[in-house]
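A quick write-up on the structure given underneath.
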Amino acid sequence: MPLEILERILLFSENLNLLRCNNRIGALLSGRGTLINVIISAFHSTWDCWFGVDRHTIKTVLKRGATDESRSFRRYEKFPELFPGDPEFQAPSSWINVNLIFEARQVWAWRFARDRWYSHTHVGPKDEESDQNTTISSPHDRSGGFGHFDSRDCFEYDWALYGLSGAKPTLDFYVDVHPKTTIPGDLITGPWTLEQQRLLFWLRRGGALIQPETQTWETLRMGLQNAVTHRNPGSLNGRLIQMLLLLDDFFPSRGLAESQSLWPLDVLEEEHAKVEKLVSVRERSTAGPLYELIELERRMFDYHRREVDLLTSRLSRYDRMGPQSMVAVGLVPQPRNH
């Protein structure tokens, strides 16, 4: 069967298992051009809807009976109709890397967004003018414009900015990925090669979230350990901490009551103590304090306080505050079998 027909079948079926059905078909469909077309097909609906849009600036009319929280477009659950695309088709396969994504996004932009606005005015350190350590020498124009977009250059600009020291905006201003797209487990747990860090940065920068249905606290703990608590203080990577741990899905600031995977308090306290120690060591070292590490400690502290409040409130459902009740709501750990 000709490659053109096989490629059409692959794109219309949106079934990547076709690449693995037999060696000959897999080889035919593994050409760079075909893989680029697969990426474009998978992401077109999402890119076409959100290209160049800073999600934090969007406002909408409140639904009847809704609260101000509904204004936030960070929550897919509030407005699923505004996030087109197939998360299963977008889930990164083993063959995906940032260079393929750069090329696919650029081809897509040439076809569909050549005259659309794109800028980086929302990206960068919060106190850029006052802190000389948080400026970057680059010919890239942050203000952007019509036809400004260059897939690789725009990524490299954001990548460089988030490698600088100091406070920066939360890394979730674009919607390049459907919010229900699953981030590969090895990108959450680590350890990470530079290529994996860049792919994770692209996914998180584009709105990819941890999926609590399948990526539970055990998975998150491995990521926390490999990124922070099992590292030497001098080898901590602020950009990795920012993109993995400082979005609102790792230690969430809201929706805790609906969470499907609360951290066990004893585990959380153990890891938080390690982070506190790292903060103290960094402050006394020649490297100095690390903003992302300090912010992580604050988020873990707040998460712990809110989880204790939540679990304590659940005790009202029980007649007595006995040991079994405290185990049931999670205030004390389950006994281990020996």
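Pick from segment 113-139 the residues that are surrounded by fewer than 14 Cβ atoms within 10 Å (Cβ to Cβ) and outside any loop (DSSP other than H, G, I, E, B): which of them is modelled with the highest pLDDT? Looking at the filtered set, the residue picked out is 133. Is one or more of the residues making up segment 252-274 buried (at least 18 other Cβ atoms within 10 Å of the Cβ), among the β-branched types (Val, Ile, Thr) and either at negative phi or without any contact (Cβ under 8 Å) to a residue 60 or more places away in the chain (or both)? No: segment 252-274 contains no residue that is buried (at least 18 other Cβ atoms within 10 Å of the Cβ), among the β-branched types (Val, Ile, Thr) and either at negative phi or without any contact (Cβ under 8 Å) to a residue 60 or more places away in the chain (or both).
Residues considered: 198, 254, 239, 221. Of these, the only one that is in the same structural domain as residue 152 (by TED's automatic domain parsing), under 26 Å from residue 91 (Cα atoms) and of a type outside the set (Phe, Trp, Tyr) is 198.
Among the conditions (1) under 29 Å from residue 161 (Cβ atoms); (2) surrounded by 15 or more Cβ atoms within 10 Å (Cβ to Cβ); (3) more than 17 Å from the chain's Cα centre (by Cα), the only one that residue 232 does not satisfy is (2).
Residues satisfying the criterion are absent from segment 167-174 (criterion: assigned by TED's automatic domain parsing to the domain that holds residue 115 and free of Cβ contacts under 8 Å to residues at least 40 places away in the same chain). The lone criterion from (1) surrounded by 12 or more Cβ atoms within 10 Å (Cβ to Cβ); (2) at pLDDT 70 or above; (3) among the aliphatic types (A, V, I, L, M) left unmet by residue 28 is number (2). Of all residues in segment 212-235, those satisfying the criterion of being touching a helix residue (DSSP H, G or I) at 6+ places or on another chain (Cβ under 8 Å) and β-branched (Val, Ile, Thr) are 219, 228, 229.
Listed here are the helices (runs of 4 or more DSSP H) enclosed by segment 140-219 that have at least 3 residues being under 14 Å from the mean Cα position of the chain (by Cα): 185-189, 194-205.
The values are calculated or read from the model by the stated rules, or taken from the named source; none is laboratory data. For clarity, every value in this text was computed on a predicted model and none was experimentally measured. Because the Cβ atoms are built from the backbone with ideal geometry, glycine has one as well, and the counts that use them run over all protein chains shown.
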